[in-house]
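Beneath this line is the structure, given in structure tokens, with notes to follow.
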Amino acid sequence: MSLCSTVMKTLIFFTFSLHLSSAVTHSMQYFYTAVTPGINFPEFTIVGLVDGGQFVYYDSKIGKMIPKTEWIQKNEGEDYWNSQTQNLQGHQETFKVNVATAMQRFNQTTGVHTVQMMYGCELDDDGTVRGYTQYSYDGEDFISFDLKTLTWTAAKPQAVITKNKWDNDPGATVGEKNYLENICIEWLKKYVSYGRETLERKVRPETSLFQKEASSPEVVCHATGFFPKAVMISWRKDGEDVHEDVELRETLPNQDGSFQKRSILKVPAEELQKHTYTCVIQHSSLEKELVLNVSERQILKGGGSMAIIIGVVVALIVLVVAVVAGIMVWKKKNSGERRKEADVKFSENRFILSNS
């Protein structure tokens, strides 16, 4: 290995370790989902997340915004929840129209279809802010907002009508930027102040290494129960970093508000006998990295480690509910109405996918 390569890897390692140990990033995001009627699922749902954990929920069957954490319930009164509920109820009809419009764009008259939107912002402890707004149709990218250029990017030909409409509304695009970089950040700061004790806690991960059976070409390194969300899982072979034959999965939420993540090493069983493989876990709750030796892995066949798999399945269910039941709608403002009391996003005549 060259000196340059060694130095670069060392810098990357220390940079990431420093980030995990000292930097704090807070985030807020919303998922809005509208689905065609006739199935056993609400036609309109919203999930709000702070630092990856659900804190509010709304659906068209319940008909009101409800708190999902103690800190938001304790700090916001009845006026807040009534205002949120009223605003979101007004969005339902808009999304119903949007689903019908999108179906028309794609020449569809039947079937189950969804229009979704995800938006949010992030704040680093050094003051750096980021924001995004993305839309999808039937689970595929439809259109997204570029915060740097203040333009919309159409991912489908059917989205060009919407892109042209929104790009030619400079007041709305500037408003979008202002929301993502300012209003969203202010609400995020407010929520973090409410839940700081919970949101800035540090919990060590519980770890395990396992295979389905001894001959399996896949070894799973699993970390669970940790908080905050940022974690790094990597592999080493005889002390050297391994980047090929590795599948890193998404970080998933647990029911208790913590997170889990796994990485899968895919090598022939005989390779595991010839070399020393280790899984390395880095997290801000740890004074030093955790190193798990693959030779000490569990073999699940006939064993009692199904709880690991069950935990992953439960987390997947939680994630599916959060994503499928989420999304964010845009509704035309009433001309004389002020929206200072609501953190739900509003825009001038936006997210109306009209064909005009």
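Worth pointing out:
- Extension reserve of the R201-T153 stretch, reckoned as 0.36 nm per residue once the Cα distance is removed: 13.5 nm
- For I185, the accessible area of its heavy atoms, probed at 1.4 Å with every protein chain present, is near 10 square angstrom.
- Share of pairwise Cα-Cα distances greater than 26 Å in segment 102-218 is 47 percent (whole percent).
- Positive-end ranking of T36, G48, G63 along the dipole of segment 21-123, with charges on Cβ about the Cα centre, is headed by T36.
- Paramagnetic reach from T110 in segment 33-62 [backbone N under 18 Å; point 7 Å along Cα→Cβ]: 36-40
- By accessible area with a 1.4 Å probe, ligands and nucleic acids excluded, highest first: order of I143, I299: I299, I143
- Segment 27-68 - Debye-derived log10 I(q)/I(0), Cα point model, q = 0.26 Å⁻¹: -0.86
- For K61, the solvent-accessible surface with a 1.4 Å probe is about 130 Å², rounded to the nearest 10.
- Listed residues V291, N254, M232: farthest to the positive end of the dipole of segment 183-305 (Cβ charges): N254
The values are calculated or read from the model by the stated rules, or taken from the named source; none is laboratory data. These figures come from a predicted structure and were not determined experimentally. With ideal geometry, Cβ positions are generated from the backbone for all residues, glycine too; neighbour counts draw on all protein chains shown. Accessible surface is based on the protein model in full, side chains and every heavy atom, while ligands, DNA and RNA are left aside. Shrake-Rupley method; radii C 1.70, N 1.55, O 1.52, S 1.80 Å.
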